[in-house]
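To start, the structure under review is shown below, and the notes come after it.
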Amino acid sequence: QVQLVESGGGLVQAGGSLRLSCTASGSIFSINSMYWYRQAPGKQRELVASIISGGSTNYRDSVKGRFTISRDNAKNTVYLQMNSLKPEDTAVYYCAADIQRDGARSVFGYWGQGTQVTVSS
């Protein structure tokens, strides 16, 4: 079994910062790309940022310059540092990862349970 567990969400005022963490555990052989998604009420889930195993990153335009994705491969953990938060960043944030399990040939996508981020104006 593989699990992704997020932490670090909460309530913050506009302009504030939060740091999300997501740790993968279980019978993991390797982790390829890791992602942060978010879903606001009544909206589709959207990709916020991604990072490959080598460290290259991508961001959606609305968070560029404010959010930073990083990872610690030794800890199987991905982070999302969110600065200058805006009310429109309010959403449930989900981490995801492309993981090859021990003894498996294929890579599968796994999701965390989500963590709420609320930004008040």
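Using a 7 Å offset from the Cα along the Cα-to-Cβ direction at both Gln113 and Thr68, what is the distance between the two label points in nm, to one decimal?
In this crude spin-label approximation the distance works out to 3.0 nm.
Convex hull over the alpha-carbon atoms of region 42-121: what's its volume per residue in Å³?
Values: hull volume 9.7 nm³, N = 80.
Taking only Cα atoms, region 42-121 has a hull volume of 122 Å³ per residue.
Suppose we keep just the DSSP beta bridges with both residues in the chain; what percent of those would be antiparallel, to 5? Each step should come with its number before you reach the end.
On the way: 43 of 47 bridges.
If I count the DSSP bridges inside the chain, around 90 percent turn out antiparallel.
How about Lys43: which lysines have a C-alpha closer than 21 Å to its C-alpha, ignoring those fewer than 8 places off in the same chain?
In chain and number order, the partners are Lys64, Lys86.
Read the figures in this text as sums done on the coordinates, not as results from a lab. Nothing here was measured: the structure is a model prediction, and the numbers come from that model. Cβ coordinates were reconstructed from backbone atoms using ideal geometry, including for glycine residues, and neighbour counts include every protein chain displayed.
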